[in-house]
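Engineer: Below is one structure. I have some questions about it.
Readers should treat all values here as calculations from the given coordinates under stated rules, not as data from a laboratory. Predicted model only: the values in this text are computed from it and were never measured. Backbone-built Cβ (ideal geometry, glycine too); neighbour counts: all protein chains shown.
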Amino acid sequence: MKFEHAYVLHRSGNNPDALKMLNTLSAEEKQTLRCQHLLSQVNYKLSEYEKAMKTYLGILSDNQAGNGEQLEADEVSDVIVNYLAC
């Protein structure tokens, strides 16, 4: 439920608290694709562009290497667009 709470905080514009909630997740859950993607979005909204870029690049690198969860083609495009926006 912590991830979902962080997502709702992010969607409502409360990104500082969303980041705090994401930081309470277990190390294993922090490595999930959905968590990494949300962390990137939160960092972007907090003007932490380098952190957002680093996380987006990690998502793309893991996907290309076949590590962890794999992105669908349209998700890869979304992550690339978000990366370039940073």
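Engineer: Using 7 Å Cα-to-Cβ label points, what is the Leu46/Glu69 separation (nm, one decimal)?
Structural biologist: For Leu46 paired with Glu69, the spin-label model returns 2.0 nm.
Engineer: Moving on to the next point. What is the distance, in nm, between label points placed 7 Å from the Cα along the Cα-to-Cβ direction at Glu4 and at Glu28?
Structural biologist: Using points 7 Å along Cα→Cβ, the separation is 2.0 nm.
Engineer: Within the range 37-78, list the GluC sites (Glu not before Pro) lying in a DSSP loop whose Cβ has at most 10 other Cβ atoms in a 10 Å radius. Write out the running numbers ahead of the final one.
Structural biologist: Values: sites: Glu48, Glu50, Glu69, Glu72, Glu75; in loops: Glu48, Glu69, Glu72.
Loop-located and lightly packed - Glu72.
Engineer: Same structure again: With θ set to phi - 60°, apply the Karplus curve 6.51 cos²θ - 1.76 cosθ + 1.60 along the range 16-22 and write out the HN-Hα couplings as whole Hz, x wherever there is a Gly or Pro.
Structural biologist: With the stated coefficients, the range 16-22 comes to x, 6, 4, 5, 4, 5, 4 Hz.
Engineer: Checking the a/c ratio against 1.5 first, then a/b against b/c, what shape does the Cα gyration tensor give for the chain? Please list the in-between numbers first.
Structural biologist: Details: a/c = 1.91, a/b = 1.33, b/c = 1.43.
Cα axes put the chain in the oblate bin.
Engineer: Only helical DSSP H runs with n ≥ 4 go in: add -39500 (n - 2.57) per run for the chain, normalise by residue count and round the 222 nm mean residue ellipticity to 500 deg cm²/dmol. Walk me through the numbers on the way to the answer.
Structural biologist: On the way: 6 runs with 65 residues, N = 86.
Result for the chain, helices only: -23000 deg cm²/dmol.
Engineer: Shifting gears a bit: Please list 35-43, 16-24, 1-9 highest first by mean number of surrounding beta-carbon atoms within 10 Å per residue. Please list the in-between numbers first.
Structural biologist: Numbers: 35-43: 21.7, 16-24: 16.8, 1-9: 15.0.
The packing order, highest mean first, is 35-43, 16-24, 1-9.
Engineer: Determine the dipole magnitude for the range 2-85: charges of +1 sit on the beta-carbon of Lys and Arg, -1 on that of Asp and Glu, nothing else is charged, the reference point is the Cα centre, and the result goes in debye to the nearest 20. Intermediate values should be presented prior to the final figure.
Structural biologist: On the way: 8 positive and 12 negative charges, 76 e Å.
For this selection, approximately 360 debye.
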